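Heads up: the structure comes next, in structure tokens.
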């Protein structure tokens, strides 16, 4: 399968958000990545339900919503109603992770689990058979524009081996510091989805930047 590209709207120009979404609609991108932050689990706050509903009203590609929030199980129905197609929760925030993943699936969204850079991917052994994708954070979550953590390559390779044994259909997503310069190495290591924010929306030509991520040299 050709890897997927998910531009992260956290890096978009919010004064021109509809225009930015239109650019992604017409590009080779496969998903919109939407980061939700609560100022508790991570030291930043981003958009909530009303903004996601507006994004959904003009987005022509699925919304991949990443919850960087405490107690995400409280809001699953609201995110579905707001237009989320994929919904991922952090391993670090869910004491009843299997239940939360099942609730996401019951709401007819693709369930995913996210893990922070300091945690070993082996911690996900029990949940990998239950999810559609795993999102590996390649920076510490909370802010865009951070520097990529090189140990991510080995984490991808480890997860790819686990995938073979536990859930061959699993998709491996990587978020943080993804650019055209490391896209090829990430996909060669086993990444199936590349999330990119600053390297897309800060580029002179975002469509071309997406194309380079989709077809790395």
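Readers should treat all values here as calculations from the given coordinates under stated rules, not as data from a laboratory. Everything numeric in this text was worked out from a predicted model, so none of it was measured. Note that we place each Cβ from the backbone using ideal geometry, even for glycine, and neighbour counts take in every protein chain shown.
Do the conditions hold for residue 161, that is, is it without any contact (Cβ under 8 Å) to a residue 24 or more places away in the chain, under 30 Å from residue 205 (Cβ atoms), over 16 Å from the mean Cα position of the chain (by Cα) and surrounded by fewer than 19 Cβ atoms within 10 Å (Cβ to Cβ)?
no
Among all positions in the stretch 86-93, there is no residue which is part of a loop (DSSP other than H, G, I, E, B) and either in contact with a strand residue (DSSP E or B) (Cβ under 9 Å, 6 or more places away or on another chain) or buried (at least 16 other Cβ atoms within 10 Å of the Cβ) (or both). Only strands (runs of 3 or more DSSP E) whose full extent lies in the stretch 1-81 are considered here, and the ones with at least 1 residues that are farther than 23 Å from residue 207 by Cα are 32-37, 63-68. Considering only the stretch 188-217, state which residues are over 12 Å from residue 7 (Cα atoms), in contact with a strand residue (DSSP E or B) (Cβ under 8 Å, 6 or more places away or on another chain) and surrounded by fewer than 21 Cβ atoms within 10 Å (Cβ to Cβ). Hits for the stretch 188-217 are 190, 192. Considering 159, 170, 166, the condition of being under 14 Å from residue 124 (Cβ atoms) and touching a strand residue (DSSP E or B) at 6+ places or on another chain (Cβ under 6 Å) is satisfied by 159 alone.
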